[in-house]
Each structure stands twice: as C-alpha cells, then as structure tokens.
Amino acid sequence: MSQAAKSAKRKSAGNLAKAPQGFTKEERAAMRERVRELKSAGGEREVLAAIAKMPEPDRSMSRRLHDLIKAIAPELSPKTWYGMPAYAQDDKVVCFYQGAYKFKTRYGTLGFSDKAKLDEGAMWPTAFALKQLTAAGETRIRALLKKALG
C-alpha cells in the first residue's frame, strides 16, 4: 500500500470518529415507547397518563387539545403514538400532539398523518407549531380537523 493510500485510510478512519453516532437519547426513548404502545391496549386512559407526565406548558396545551379533539371529532379514538397523544380512525393515526419538551424544541407541534384529508393541490402543511393555544388557534384547529376527516 502506498504512503498516500495509508494516509487517506487514516484520514477516513478519523472522519468516522466524527460521524454521527446514531439516534439521540430522546429518539431512542421514543422508539422504546412506541414498542411498548404496540404491546398495550392503549386508549384514553393511557393518553391522559401521558398528558399528566408532561411538563407545563405542554401539559395544559395537550389537555386542552385532547378536550377539543374529542368534542370536534368524537369518532377519533385517543391513543398514544411514540409516547404522545394521538387520535386515530380505524386504528390509523390522523392527528397527534408532540410536546416541545419531547425533543427540546421551542414549540409544540400539532401534526397530521397522511390519513388526514388536508390535501390542497401539490403541496400543503401537515404540522403546525403551537406556542400557546388561543381562541383563534382553536378555531383553526376545528377547521383543520373537519377537513382532515373529510
């Protein structure tokens, strides 16, 4: 092996040490939570327990979203999804809330899966940042849920 080839090999090995080491602690925890959910019965009690574990302000915002979603779309079944509150139709998640604390972001997220019928042309939003839940936000969420369910 030439000296240049040996040098390139050492450089390459050095770059591997700097490469990402896989999933973050939060991502691994979310995956473990998902495996546990697949083994459990789930349901509203589990969702309320997940909400109760959240720090503020995620806890109160998630609780308000839970009540809002149940009132607007009683046909959706509460369940947890990666440890977060989610709402499903025919066992397929339609929407979910991801607290800001989960991945240390500056806002929570109300997200919609591909099962939600939010299509608008060739491109549309499927997740919405929530820093607080206002009356205007609740009105928008009502409209989104109605559209999502067709």
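The values are calculated or read from the model by the stated rules, or taken from the named source; none is laboratory data. Given the structure is predicted, the values throughout are model-derived calculations rather than measurements. We place every Cβ from the backbone using ideal geometry, glycine too, and count neighbours over all the protein chains shown.
Tabulated results
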item	result
Any hit, the range 83-95, residues being outside any helix (DSSP H, G or I), buried (at least 19 other Cβ atoms within 10 Å of the Cβ), within 14 Å of the chain's Cα centre (by Cα) and at positive phi	yes
Residue that is out of contact with any Ser or Thr (no Cβ under 6 Å at 6 or more places or on another chain), over 23 Å from residue 135 (Cα atoms) and at pLDDT 95 or above, where the choices are 114, 58, 90	114
Residues of the range 49-77 classified as touching a Pro at 6+ places or on another chain (Cβ under 8 Å) and either among the aromatic types (Phe, Trp, Tyr) or more than 16 Å from residue 95 (Cβ to Cβ) (or both), total	0
Qualifying position, being part of a helix (DSSP H, G or I), surrounded by fewer than 18 Cβ atoms within 10 Å (Cβ to Cβ) and modelled with pLDDT under 95, among 136, 143, 49, 71	49
The range 115-132 - residue that is assigned to a loop (DSSP other than H, G, I, E, B) and in contact (Cβ under 8 Å) with a residue 12 or more places away in the chain and, of those, surrounded by the most Cβ atoms within 10 Å (Cβ to Cβ)	116
